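Right, one structure below, let's go through it.
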Amino acid sequence: MARNELKIGTALSMMTIVVSSIIQILYTPLYMRYLGQEDYGINSLVQSIMGYIAILNLGLGNTMLRYTTRYRAEGKIEEEKSLNGMFLVIFSILMLIAFIIGVYIYVNIGEFFGERFTVQELEKTKAVFVILALNVIISFPMGVFSTNITSKEKFLYQRGIKLLTIILNPIVGAILMMNGFGLIAVTIATVCFAILSYLFDIIYAFKLGMKIKFSKFNNDILKEIFIYSFFIFLNVLIDQVYWGTDRVIIGKYVGVQGIAIYSVGAIFNTLYMGFASAVSGVLFPRINRLIVEEKHEEIDEMFLKIGRLQYILLGLISSGFILFGKDFIILWVGKQYIEAYSIALWIMIPLTVPLIQSTGVSIMQAKNMHQFRSVVYFVIAILNVIFSIIFVKKVGAIGCAIATGLSFILGQIIVMNIYYKVSVKLDIVKFWKNIFKMSIPIMIVMIFGYILNIYIEEVSYLNFLVKVAFYSIAYGILLWFMGLNNYEKSQIYIWKK
C-alpha cells in the first residue's frame, strides 16, 4: 500500500506541475482582462513581500521532518510527542514575530511606495497585504501538522489536496472576476482555500495519531535543530533576495505597471526552471551511490549525461522563445506587455547554464562541498540588488532583468565553472565541448526559424502554431542527425516502446 501510495503521489506531483503550468498560462490573460495591469502588479508585489515574511520559517519545516522521522524510526514515541509540542511553541513564537513585522511593513507601505503609487493603488496594496499576511502568519503553526503528515508518507492526501486547490482556486477566482468582483475578493478566496487546507491538515494529522506534549525543552536538541536549520534558512534567504527583491525595487522606482510587465516576463523563467527539474529529477538518486563508491569517471559521465538531456529540452524552449516569444506574448496578454520578452530573455539565456549543470549541486552536496556555492550565491544576490537599483533608475523594469542576467553570468557561470573544474574535479572542458557541439544544429535550425518569421509575418494563433510546429519538427530532425549520441537515441526508442 505504501509503495502504491508513493507511486500515485509521485504521479499526482508530476500532474500538479503540468496542471499548474497550464493554469498559469490560461489564468494570467483572464486576470489582466478583468482586473487590469495595476491589480496584477499589486498582487505580484505583495506576493514578493510575503516571501520575505515566510522565510521566518528558518528552514525549521525540513528540520522537524528530519527529527520526527528519526524519532519514529527509533521508537521514541514520547520524544516525538515532545518534539511536536516544542515545534508548535517555536512556530507560534515565529508567528508572533511575523505579525509584528507585518504591522511594521503595513505602516510603512505608503512611505516606501508613495512616490510611484497613486492613493488608490496604495490603499489596495495595503488591503491585499493584510489578507495575504494573515495567511502567511497562520501558516507558521499549521506547518507542524503538515510536516507530521509528510513524515508518515501520506503523499496521496497531500498531493491530492494541493492539486485540488490548484484547480479550484483559479476557477473560483475566474467566476468572481467575471461577475464583477475585484482583486480583494479574489485574494480573499485564495486565502479561504489555504485556511481550508490547514483545517484538513489538522483533522487528518490527529486522525493519523499525532500527539502533542508540552514539556521542558531539551536544550541540546534545540541547539542541534537550529544549527541544522541555519544553512537551509541561508539558502531560502538567498533565493528570496535573488528572486523576490526585483518587484519591490521596481515598485519603489517605477510603479505597478512596471511590476506587472516584469512579472509576465518572470512567468516564463519559472516555467523554464520547472521543465529543467522535470528532466533531472529522475536521475539524481544515482549520484550519491556513485560518490560513495568513488566512481569518479561515472560521476563525470552522469554530470554530462543529465546536462545533455536537459539541454535537448531547454535548447528547444529557449531558441523557440527567442524566435517566437514576441508573437506569443502579443497573442497571450497583448502588445502592451512586449517588454516582457526582453525581460524574459535577459534571465532565461544566462539561466540555461546553471540549469543544465544542476547535477553539480547534488554532487557538491554529496561531497559536502556546497558551502562555497552558498557563499557565492549570497555575494551575487547582494550584487544583484545593487545592480538592480542602479539599472532600474536608468532603463526601468528591464534593468532588474539585466542585473539578474549579469549576476548569473558572473557567479553561476564563470565562478561556479571554475570551482567545478578546480575543486569538485569535474571535467568541465569535456562538458562544454559537448554543449558547443550540440549548439551547432540548434543554431542552424534557428536560421530556419528566422526564415519562417520572414515569410509568415502576420501575428495570429494559426501562424504561431504553424511556425512552432514546423520549428519543433526541424529541431528534432536536425538534433537527431547532428546532436544526439547513441545513449540519447536509445532513450527515445525506449520511450516510444
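The values are calculated or read from the model by the stated rules, or taken from the named source; none is laboratory data. Not measured: the values here are computed from a predicted model. Note that we place each Cβ from the backbone using ideal geometry, even for glycine, and neighbour counts take in every protein chain shown.
Values for this structure:
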| quantity | calculated |
| --- | --- |
| Among the residues listed as GLY180, GLY143, GLY209, the single one being in contact with a helix residue (DSSP H, G or I) (Cβ under 8 Å, 6 or more places away or on another chain) and either assigned to a helix (DSSP H, G or I) or surrounded by fewer than 20 Cβ atoms within 10 Å (Cβ to Cβ) (or both) | GLY143 |
| Selected residue [modelled with pLDDT of 80 or more, part of a helix (DSSP H, G or I), crowded, with 17+ Cβ neighbours inside 10 Å and touching an Asp or Glu at 6+ places or on another chain (Cβ under 9 Å)] from LEU309, LEU316, LEU290 | LEU309 |
| Members of segment 116-138 found to be under 21 Å from PHE193 (Cα atoms) and either modelled with pLDDT under 90 or not in a helix (DSSP H, G or I) (or both), listed by number | none |
| Filtered residues of segment 386-400 (kept if surrounded by 20 or more Cβ atoms within 10 Å (Cβ to Cβ) and touching a residue at least 40 places away in the same chain (Cβ under 8 Å)) | SER388, VAL392, ALA397, ILE398, CYS400 |
| Residue check, ALA403 modelled with pLDDT of 90 or more, touching a Leu at 6+ places or on another chain (Cβ under 9 Å), under 24 Å from GLY251 (Cβ atoms) and buried (at least 22 other Cβ atoms within 10 Å of the Cβ) | yes |
| Segment 237-274, residues that are under 21 Å from SER358 (Cβ atoms), assigned by TED's automatic domain parsing to the domain that holds PHE391 and of a type in the set (A, V, I, L, M, F, W, C) | ALA266, ILE267, PHE268, LEU271, MET273 |
| Total residues in segment 438-465, condition small (Gly, Ala, Ser) and not in a helix (DSSP H, G or I) | 1 |
| Residue check, LEU88 in contact (Cβ under 8 Å) with a residue 60 or more places away in the chain, in contact with a Pro (Cβ under 7 Å, 6 or more places away or on another chain) and of a type in the set (A, V, I, L, M, F, W, C) | yes |
| Those residues of segment 319-361 which are of a type in the set (Gly, Ala, Ser), modelled with pLDDT of 90 or more and closer than 22 Å to ILE456 by Cα, in sequence order | SER319, GLY320, GLY325, SER342 |
| Answer residue from segment 406-437, given it is among the charged types (D, E, K, R) and assigned to a loop (DSSP other than H, G, I, E, B) and is surrounded by the most Cβ atoms within 10 Å (Cβ to Cβ) among those | ASP427 |
| Residue check for ALA469: surrounded by fewer than 17 Cβ atoms within 10 Å (Cβ to Cβ), among the small types (Gly, Ala, Ser) and assigned to a helix (DSSP H, G or I) | yes |
| Residue identified as of a type in the set (Ser, Thr, Tyr), in the same structural domain as ILE317 (by TED's automatic domain parsing) and within 28 Å of the chain's Cα centre (by Cα) among SER460, SER388, SER490 | SER388 |
| Matching option when the condition is in a helix (DSSP H, G or I), closer than 30 Å to PHE112 by Cα and modelled with pLDDT under 85, among GLN47, GLN24 | GLN24 |
| Residue check for LEU196: under 30 Å from ILE25 (Cβ atoms) and either hydroxyl-bearing (Ser, Thr, Tyr) or at pLDDT 80 or above (or both) | yes |
| Test: residue in segment 189-204 that is touching a residue at least 12 places away in the same chain (Cβ under 8 Å), touching a helix residue (DSSP H, G or I) at 6+ places or on another chain (Cβ under 6 Å) and farther than 22 Å from GLY61 by Cβ | yes |
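So that you can scan it fast, the table gives a plain yes or no per residue for (1) of a type in the set (Asp, Glu); (2) out of contact with any Pro (no Cβ under 6 Å at 6 or more places or on another chain); (3) more than 28 Å from LEU316 (Cβ to Cβ):
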site: GLU339; (1), (2), (3): yes, yes, no
site: LEU355; (1), (2), (3): no, yes, no
site: ILE389; (1), (2), (3): no, yes, yes
site: LYS393; (1), (2), (3): no, yes, yes
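Residue-by-condition table, conditions (1) acidic (Asp, Glu); (2) surrounded by fewer than 20 Cβ atoms within 10 Å (Cβ to Cβ); (3) farther than 30 Å from TYR242 by Cβ:
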position	(1), (2), (3)
ASN43	no, no, no
LEU56	no, yes, no
LEU83	no, no, yes
ILE90	no, no, no
PHE99	no, yes, no
